[in-house]
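Asker: Can you keep this structure in mind? I'll have questions shortly.
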Amino acid sequence: MSTNIMAMGLTGPELATLNQITEQIESRRAYNERREAYYEGSARIRQLGIAVPPQMRDLDTVVGWPGMAVDVLEERLDLEGFSLPDGDVLDLGLDEVWEDNRLEDESGQAHLPTLMHGVSFVTVSAGVEADGEPPVLVTVEPPTRMSGVWDARARRLSAAASVTWNGQEGRYTAATLYLPDQTVFLEADGTGPLRVVHRAQHGLGRPLVVPLVNRPRVGRPWGRSEISRAIISYTDSAVRTLLGMEVAREFYSSPQRYLLGADEDAFQNADGTAKTGWEVYLGRVLALTRDEDGELPQVGQFSAASPAPYLDQVRGIANLVAGEAAIPASYLGFVTDNPSSADAIRVSEARLVKRAERRQRIFGAAWCEVMRLALLVRDGSVPPEARSLVARWRDAATPTRAAQADAVMKLVSAGVLPPNSEVTYELLGYDRTTITRLAAETRRARTEQMMQSLFSAPEASPEVAGLTQAGAADVDDAE
């Protein structure tokens, strides 16, 4: 497809930037589409053309290891919110941005294409109230339709663009250009070229886009897919092996018989016509007569081929995939009769947990930047305390609830954690709603205890009792 976009209403530099970014998107399209095909299990595997008959080359054989390499890691990346070292994140109003944009779910939809392709993009804009949008709109864009210009010194994008390609019409029908001081929206009018329909001036000095990058490194700012070339190669080999097992099943799973010294009449019907191969195979040839010398024909059977060699080969390939993707081999479908101990499970998952923790650190920094952009869009500035914002993730390991509770209780008993702190509740795995309810119950219990202690005191006067009741009412009102 053509990457040269004709757009009305853009300046020369703006059009050049849009075309540059569009060329980046198209140059990576084949790479991204191939990874997505392997993730979905729809990739066509190249056959060697040696052992598989042409009639069976189109047999739909799928191995889901690439998708598993992505999903197993994504399932351990649960973003639960944000925290401040010295203060409540609710004071910044970020809980409203979190709830309005359903980021508890949308964050996972951003992590998935990031792990699949190597990068995805999160955009921030002011919502249109007339269309029912929240004040701050946070959306996720895949690299198949969005890219940008990376500024290595500032460690952020200097420009970005998303484009919509209509394959049936063979042209671009919409585009959005993100510039440092404005966001430009373009749409196609009928069959004509793209035309600027709106310019959202924000004057914030940076485009409102943050990239989520998987495994970035110097010289490769767009990261790397978890579906590596090694995993693709191993998957192709496993598919060909399973296809070979299907061929063997078709040819050798039924016993192959032979007859020695049989008369030609054994293969003919009563009217002299030849029997079909199926009739011969069904055993009608077993009713044989002796030859002229009185000897019976010899009937034999070849041993059927066993699928064990194919399964052993797939098992070996699965071990290679497990090493490349840092996942236990049991995740790939090969388990033993004896279940693994808890220590063995932790050891086998150690590298996967470490890999997930690395992703949490990288993705967490990006999500914090998204939240700061949301504050910029909503308030026009970022409070100083927001620079210390940190993302809060669920534990990437797989401890049981009993083990997690036991560890937290030991920390509380040692005085490291206060018993009724939000941090303690978070470590126990409670969600935000439960934490809020527990905090309210704790305040209520403290108020009741204070009232009882004041009323039970010998010197408690009616004035003190009245003040206590008023204070309790104030606490209830605050809740």
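Asker: Go through (1) more than 20 Å from S27 (Cα to Cα); (2) touching a residue at least 60 places away in the same chain (Cβ under 8 Å) one by one and return the number of the condition E187 breaks.
Answerer: Every listed condition holds for E187 apart from (2).
Asker: Only one of these is surrounded by fewer than 19 Cβ atoms within 10 Å (Cβ to Cβ), farther than 20 Å from V119 by Cα, touching a residue at least 24 places away in the same chain (Cβ under 8 Å) and of a type in the set (D, E, K, R): E349, E357, E385. Name it.
Answerer: Values: E349 fails: surrounded by fewer than 19 Cβ atoms within 10 Å (Cβ to Cβ); E357 fails: farther than 20 Å from V119 by Cα.
Result of the check over E349, E357, E385: E385.
Asker: Sticking with this one: Please go through the range 334-357 and give me each residue that is of a type in the set (G, A, S) and at pLDDT below 80, ordered by number.
Answerer: Within the range 334-357, S340, S341, A342, A344 qualify.
Asker: Also: Has the range 373-387 got any residue that is among the hydroxyl-bearing types (S, T, Y), at pLDDT below 90 and over 28 Å from the mean Cα position of the chain (by Cα)? So that I can check it myself, show each step before the final result.
Answerer: Within the range 373-387, the subset among the hydroxyl-bearing types (S, T, Y) is 381.
Pick out the ones that are also at pLDDT below 90 and you get 381.
From the residues that got through so far, the ones that are over 28 Å from the mean Cα position of the chain (by Cα) too are 381.
Within the range 373-387, one or more residues are among the hydroxyl-bearing types (S, T, Y), at pLDDT below 90 and over 28 Å from the mean Cα position of the chain (by Cα).
Asker: So, in the range 75-99, exactly how many residues are closer than 20 Å to S381 by Cα and either crowded, with 19+ Cβ neighbours inside 10 Å or at pLDDT 90 or above (or both)?
Answerer: 6
Asker: Ok, one more. Go through L352, L389 for me and flag whichever is touching a Cys at 6+ places or on another chain (Cβ under 6 Å) and within 23 Å of E104 (Cα to Cα).
Answerer: So the residue among L352, L389 that is touching a Cys at 6+ places or on another chain (Cβ under 6 Å) and within 23 Å of E104 (Cα to Cα) is L389.
Asker: Within the set of pairs 6+ apart or on separate chains, which have a first residue in the range 143-167 that is within 20 Å of S225 (Cα to Cα), a second that is polar (S, T, N, Q) and open to solvent by less than 10 Å² (accessible area, probe 1.4 Å), and C-beta atoms under 7 Å apart?
Answerer: Close Cβ pairs (under 7 Å, with a partner that is polar (S, T, N, Q) and open to solvent by less than 10 Å² (accessible area, probe 1.4 Å)) amount to P143/N32; P143/S120; T144/N32.
The values are calculated or read from the model by the stated rules, or taken from the named source; none is laboratory data. Note that the structure is a prediction, hence the values are computed from the model and not measured. Positions of Cβ are generated from backbone atoms using ideal geometry, with glycine treated the same way; all protein chains shown enter the neighbour counts. Just the protein is used for accessible areas: all its heavy atoms, side chains included, with ligands, DNA and RNA removed. Shrake-Rupley method; radii C 1.70, N 1.55, O 1.52, S 1.80 Å.
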